[in-house]
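Here is the structure we will look at.
The values are calculated or read from the model by the stated rules, or taken from the named source; none is laboratory data. Because the structure is a prediction, the values reported are computed rather than measured. In this analysis, Cβ positions are derived from the backbone assuming ideal geometry, glycine residues included, and neighbour counts consider all displayed protein chains. Only protein heavy atoms, including side chains, enter the accessible area calculation; ligands, DNA and RNA are left aside. Shrake-Rupley method; radii C 1.70, N 1.55, O 1.52, S 1.80 Å.
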Amino acid sequence: MKEKTLAIIKPDAVEKQVIGDIIQRYEKAGLHPLAIRMMRLSKSMAEGFYAVHRERPFFHDLTSYMSSGPVVVLVLEGDDAIKRHRDLMGATDPKKADPGTIRAAHGASIEANAVHGSDSPETAQFEIGYFFSTTDLVAR
Ligand code: CMP
């Protein structure tokens, strides 16, 4: 089933100049970009985006980190896109990520783990709507 998911290329991956490598991995995996935006999140935008984690001990560090430098936000579409993207990213902790995954290749720590991806259809809907309006998404 065709699905959409939200991806974020995080500040560490932008700093490492691997935006192109990551987008190429998406394309090769059949995850087609419908919208791409480079931006710098404010602390409060990062807090709103990660609101589900607000009670977690790492919430302040996570949102400070996500607003510490530019990110690339993308909407990806493809068959089973949410799971496919999560498989491609690998485990949250890069040390536990399978070889060949984006986080194994580019992640430095559980915080600086290169990429974010929506974890369910409900989350994807919220996360896509957080950054893009329907008219931003290209039909393909
Ligand atoms: P992400 O997929 O963006 O979703 C929430 C993020 O919190 C996660 O990736 C990690 O980068 C970050 N994080 C920091 N510390 C932890 C932790 N102890 N457990 C899970 N996620 C963490």
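Using just the helices of the chain, give the 222 nm mean residue ellipticity in deg cm²/dmol: DSSP H runs with n ≥ 4 each add -39,500 (n - 2.57), and the total is spread over all residues, rounded to 500.
Working: 7 runs with 55 residues, N = 140.
Value at 222 nm, helices only: -10500 deg cm²/dmol.
If you bin the C-alpha pair distances of the stretch 1-132 every 5 Å from 0, what whole percents do you get?
Spelled out per bin, shortest first, that is 2, 11, 22, 25, 24, 13, 3, 0.
Using a Gaussian network model of the chain whose springs link C-alpha atoms within less than 10 Å, name the residue from Met45, Met89, Met66 with the highest mean-square fluctuation.
Maximum among the listed residues: Met45.
Tell me the relative contact order for the chain as a rounded percent, counting alpha carbon contacts under 8 Å between residues six or more apart.
Here the relative contact order equals 37 percent.
Would you work out which of Leu41, Gly69, Pro57 lies farthest towards the positive end of the dipole of the chain? Charges go on Cβ: Lys and Arg +1, Asp and Glu -1.
Of Leu41, Gly69, Pro57, it is Gly69.
Suppose R0 equals 30 Å; then what is the FRET efficiency for Asp136 and Ala91 from their Cβ-Cβ distance, rounded to the nearest 0.05? Spell out each step's value before the answer.
Working: r = 30 Å, r/R0 = 1.01.
Rounded to the nearest 0.05, the efficiency is 0.50.
On the protein heavy atoms, probe 1.4 angstrom, tell me the percent of accessible surface of the chain carried by carbon and sulfur. Before the final figure, lay out the partial values.
Numbers: 3870 of 7320 Å².
Carbon and sulfur: 53 percent of the exposed surface of the chain.
Give me the accessible area per residue for the chain, probe 1.4 Å, as a whole number in Å². Numbers along the way, then the final one.
Working: 7320 Å² over 140 residues.
Heavy-atom SASA per residue in the chain reads 52 Å².
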